[in-house]
Amino acid sequence: MAASSSKQLSRFWEWGRNIVCVGRNYAEHAEEMGSAPPAEPLLFLKPSSAYVREGSPIVRPRYCRTLHHEVELGVVLGRRARAVPQDAAMQLVAGYALCLDMTARDTQEQCKMKGLPWTLAKGFASSCPVSDFVPKEKIADPHKLHIWLKVNGKLRQEGDTSSMIFSIPYLISYISHIFDLEEGDLILTGSPKGVGAVEVDDEIEAGIGDVVSVRFKVAQGTEPGSPKGV
Ligand SMILES: O=C([O-])CC(=O)C(=O)O
Ligand SMILES: [Mg+2]
């Protein structure tokens, strides 16, 4: 089944599809978070309204004091996937994007302590900044990519996708045995080490090698009546 042409997959963020995030997929990041490398992928979801594009700011929720950046390789699905074997999984990939898994780290710590889900920490509006779509033909090997992130021009995060604990085909196969992945879905493959806080008015710049890059400013959420958090 070919990718639908009614909506352009190159604007996958407009499809309203699943954003599936993988946590602790780099051993050094798991370690800096005080966690052991996982034996199975750790999964969580963001709502599709979490997308934000260059030109709009990343908005720190009112309940968050410590907003962290996490730079991640995003994988865009080109076809529906149900219980796909690993050796067929890469055929379902349409392309890639540079993604940020913005995290209200203080909220996440509270959620962990109280045994609550991470939705407030990971799923707030603008928690998923994304670059332009990079068609798969432009990436020779997605497991040999250099991903990087700077804050106000200073390098904060650098990682090589060869260090992922679970590979892209493993993740697609694993997730597709839990629920159907759909055309236009995005998988965030986890953050390398070096996560850290950003403040209001900071500028984040991040990229996949010299293939694609993005810039975002950080703003403060001011909506009255915002939740207090956990
Ligand atoms: O919050 C975390 O550290 C888990 C996560 O998203 C990641 O490893 O990318
Ligand atoms: Mg992450």
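The values are calculated or read from the model by the stated rules, or taken from the named source; none is laboratory data. Being a predicted model, the structure only gives us computed values, none of them experimental. Every residue, glycine as well, gets a Cβ built from its backbone with ideal geometry; the counts of neighbours run over all protein chains shown. For accessibility, only protein heavy atoms count, side chains too; no ligands or nucleic acids. Shrake-Rupley method; radii C 1.70, N 1.55, O 1.52, S 1.80 Å.
The table below gives the values:
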quantity: When residues of the range 61-80 are limited to those that are part of a strand (DSSP E or B) and within 16 Å of ligand 1 (Cβ to nearest atom), the one most open to solvent (accessible area, probe 1.4 Å); calculated: HIS68
quantity: Residues within the range 45-83 that are among the basic types (Lys, Arg) and free of Cβ contacts under 8 Å to residues at least 60 places away in the same chain, tallied; calculated: 1
quantity: Contacts under 8 angstrom Cβ, first residue in the range 117-137 being closer than 14 Å to ALA50 by Cα, partner within 12 Å of ligand 1 (Cβ to nearest atom) and among the acidic types (Asp, Glu), 6 or more apart; calculated: LYS122/ASP101; SER127/ASP101; CYS128/ASP101
quantity: TYR96 being within 19 Å of VAL71 (Cα to Cα) and not small (Gly, Ala, Ser); calculated: yes
quantity: Hits in the range 128-163 - residues which are open to solvent by less than 20 Å² (accessible area, probe 1.4 Å), within 26 Å of ALA104 (Cα to Cα) and in contact with a Phe, Trp or Tyr (Cβ under 7 Å, 6 or more places away or on another chain); calculated: CYS128, PRO129, VAL130, GLN157, GLY159
quantity: Residue among VAL195, VAL230 that is among the hydrophobic types (A, V, I, L, M, F, W, C), surrounded by fewer than 23 Cβ atoms within 10 Å (Cβ to Cβ) and more than 16 Å from ligand 2 (Cβ to nearest atom); calculated: VAL230
quantity: Search result, residues across the range 161-192 that are more than 16 Å from ligand 2 (Cβ to nearest atom) and small (Gly, Ala, Ser); calculated: SER162, SER167, SER173, SER176, GLY184
quantity: Qualifying residue in the range 183-199 (condition: more than 16 Å from ligand 1 (Cβ to nearest atom) and touching a Ser or Thr at 6+ places or on another chain (Cβ under 8 Å)); calculated: yes
quantity: Meets criteria (touching a His at 6+ places or on another chain (Cβ under 7 Å), farther than 22 Å from GLN86 by Cβ and of a type in the set (Val, Ile, Thr)) for VAL198; calculated: yes
quantity: Qualifying position, being assigned to a loop (DSSP other than H, G, I, E, B) and either within 12 Å of ligand 1 (Cβ to nearest atom) or buried (at least 16 other Cβ atoms within 10 Å of the Cβ) (or both), among SER56, SER35; calculated: SER35
quantity: Some residue of the range 117-125 being part of a strand (DSSP E or B) and within 13 Å of the chain's Cα centre (by Cα); calculated: no
quantity: Extreme residue, farthest from ligand 1 (Cβ to nearest atom), among residues of the range 81-96 that are surrounded by fewer than 23 Cβ atoms within 10 Å (Cβ to Cβ) and in a strand (DSSP E or B); calculated: ALA94
quantity: Flag if SER176 is under 21 Å from ARG60 (Cα atoms) and of a type outside the set (D, E, K, R); calculated: no
quantity: Among (1) at pLDDT below 95; (2) within 18 Å of the chain's Cα centre (by Cα); (3) of a type in the set (Gly, Ala, Ser), the one test that SER35 misses; calculated: (2)
